[in-house]
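Report on the structure given below.
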Amino acid sequence: MAVRALNPMGYPPDVTQVQMAERFDTLSGRRVYLVDARFDDSDIFMLQMEAWFREHRPDIDARYVAKKGIYTQPDVALFSQIRDEGAAAVVGVGH
């Protein structure tokens with residue numbers, strides 16, 4: 001009887017490296033989006049984070065937003081808005 005063994009490693013996909021975005025010296029006076037990615041309870045955390053910014057860093061325009069659809073699907077309109085109007089985004093992925 002012959003035994004056949006398969007390599008579970010597979011073949012990794014080709015990856016094109018993309019540089020990270022440039023960092024700002026400060027977020028003061030800039031807009032930061034706090035994104036509820038629709039993962040379990042990420043809305044609760046993002047709303048708490050928004051309240052923290054309002055109390056401790058009123059110089060930063062922190063805005064809570066909820067993406068449309070489930071967390072695995074992109075929200076093209078929201079992501080475009082964040083790209084065009086925001087300096088940064090924090091994406092909540094739940095617990």
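The values are calculated or read from the model by the stated rules, or taken from the named source; none is laboratory data. Keep in mind that this is a model prediction, so the values were computed, not measured. For neighbour counting, all protein chains shown are included, and Cβ atoms are generated from backbone atoms with ideal geometry for every residue, glycine included. These area figures cover heavy atoms from the full protein model, side chains too; ligands, DNA and RNA do not enter into them. Shrake-Rupley method; radii C 1.70, N 1.55, O 1.52, S 1.80 Å.
Brief remarks on what is shown
- Ranked by solvent-accessible area (1.4 Å probe, protein heavy atoms only, all chains present), the residues 42, 28 order from largest to smallest as 28, 42.
- Counted charge near residue 74, where neighbours are those whose Cβ lies closer than 11 Å (Asp, Glu -1; Lys, Arg +1): +1
- Probing with 1.4 Å while keeping every protein chain in the model, the per residue accessible area of region 1-53 equals 95 Å².
- Average Cα contact separation per residue, the chain, under 8 Å, 6 or more apart, as relative contact order %: 38
- Helix 42-56 and the longest principal axis of the Cα set of the chain meet at an angle near 40°.
- A simple packing score, the average count of other Cβ atoms within 10 Å per residue, orders the peptides 46-55, 11-20 as 46-55, 11-20, with the highest score first.
- Remark: C-alpha extents of the chain on the principal axes read 73, 30, 25 Å, sorted largest to smallest.
- Distant-in-sequence amide H partners of residue 90 (H built 1.01 Å from N, under 5 Å): 33, 34, 35
- Acute angle (nearest 10 degrees) that the helix 76-85 long axis makes with the longest principal axis of the chain, alpha-carbon atoms: 50
- For the set 82, 70, solvent exposure ranked by accessible area (probe 1.4 Å, protein chains only) runs largest to smallest as 70, 82.
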